[in-house]
Amino acid sequence: MTRRKKGETRPPEQFLELSELLAYVGQVIARGLPGAVWVRAEIAAVTDRRHLYLDLVQSGDEGEVARCRATVWARERFGLETKFRRATGGGLTAGLKVLLFGEATFHEQYGFALNVLDIAPEFTLGDAALRLAEGRETLVREGVYGLNRLLALPTDFFRFAVLSPREAAGLGDFRREVDPLERAGVLRPVYLEATFQGPAAAASLRRGVQDALALHTAEPLDALVVIRGGGAVTDLAWLNDLPFARALATFPVPVITGLGHARDDTLPDEVACVRTDTPSKAATLIVRTVVEAAAQAQEDVRTIRTQAAQVLVEAEAGAQWTLDRARRAAGRQVDAAAASVDALMKQALGLTPARTLGRGYALVRDAAGRPVTRAAQVQPGQPLTLEFSDGVAGVTAEG
């Protein structure tokens, strides 16, 4: 092979076909990296065509720094997927971080690829657990981890928001419990949709909480309910998004979760006011609370009626006692007044002129028969009449 000289216009006589160059590259790769190696990467996309085709990426602080194709051939696929599903509960999906054991290959037509021979599911589980632990530590450090759990659960429910995947089986289970009360006008739930797994889950879940907050601002909610059916550990790991968990922890009303099953653990479950195992149990909690509130209201009505009847009886008895007491007091006052009148009458009767004269007194009258009550009215030589109890005598004043 010769180099093209400067200024030459005719094509070089020696060159490589593209296939030869790529074959040479493949040989270099094979000699430089013999055998299989463990590779850590994130699955960006999965294509299922009997064989399983993966797009693997590595991301850094400034975005994607590496990308390649990987293939799980049909002969290895069953064993590999069975192993992964048994450990994690789910299959290989986009967004998972994986540790793959594979051979680096280079094909003249298809380029570089990794032939996957094995997988370490414990790495994927460890990554999910690590994200959960890091999120928990961050929220604790920020002082918001337990805020929602400090809120009191409502003693009754009416208007609440429900965040769930569209047409999810868990949502159907929830609505079977709640819909009858909604039709009766007892409950007024507002349903919000979000993506709960996959690369789009984080942004979708955050928007869902923002929508619920807007609803609460317009008209207060009793609670925010977050539900989805059970799934693989790797599926539920999408819920461990830190901003989403932070939004739930700081939500102004109690958050109720019904995510997966009792064995599953997610960051939203940890920060929620109340955690239930499934959507059905979340619905049961709401329905039971409403039924208990109604029963308590009925009991309160009965108590009020009983107490009101007792108060009425006591009031009637009190009124009768008061009336009787007033009658007795009035009777005593009448008796006292009558006695006083009698005394006055007796006293008045004792002051008649006849009785007075009978006690040795005399009534002085002038010549015209008018009573003389003062000495200044009498003139010397004035004729007067003295009236006694038994008769009258005439006298003349001397001075």
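Among residues of the stretch 315-334 that are at pLDDT below 80, none has a beta-carbon under 9 Å from a residue that is surrounded by 10 or more Cβ atoms within 10 Å (Cβ to Cβ) and in a helix (DSSP H, G or I) at least six positions away or on a different chain. As a summary of the residue check, PHE157 satisfies the conditions (1) part of a helix (DSSP H, G or I); (2) under 30 Å from GLU292 (Cβ atoms) except for the one numbered (1). Restricting the first member to the stretch 102-123 and to residues that are over 28 Å from THR88 (Cβ atoms), and the second to residues that are among the polar types (S, T, N, Q), the beta-carbon pairs closer than 6 Å and six or more apart or on different chains are GLU108/SER19. Run LEU132 past the list (1) in a helix (DSSP H, G or I); (2) surrounded by fewer than 14 Cβ atoms within 10 Å (Cβ to Cβ) and report the number of the one that doesn't hold. Result: LEU132 fails condition (2) only. Among the residues of the stretch 1-29, those that are modelled with pLDDT under 75, surrounded by fewer than 11 Cβ atoms within 10 Å (Cβ to Cβ) and among the basic types (Lys, Arg) comprise ARG3, LYS5, LYS6.
For the stretch 166-210, a residue qualifies if it is touching a strand residue (DSSP E or B) at 6+ places or on another chain (Cβ under 8 Å) and without any contact (Cβ under 8 Å) to a residue 24 or more places away in the chain, and exactly one does: GLU182. Of the residues screened, LEU114 is one that is closer than 22 Å to GLN27 by Cα, in contact with a Ser or Thr (Cβ under 9 Å, 6 or more places away or on another chain) and crowded, with 19+ Cβ neighbours inside 10 Å.
Give all pairs with beta carbons closer than 8 Å in which a residue from the stretch 217-240 that is in the same structural domain as LEU150 (by TED's automatic domain parsing) and in a helix (DSSP H, G or I) meets a residue that is surrounded by fewer than 24 Cβ atoms within 10 Å (Cβ to Cβ) and among the charged types (D, E, K, R); count only pairs at least 6 apart in sequence or on separate chains. Listed by first residue and then by second, the contacts come to VAL233/ASP264; LEU236/ASP264; ALA237/ARG131.
The values are calculated or read from the model by the stated rules, or taken from the named source; none is laboratory data. Keep in mind that what you see is a predicted model, and the values were worked out from it rather than measured. When we count neighbours, we look across all protein chains shown, and the Cβ atoms used for this are built from the backbone with ideal geometry, even at glycine.
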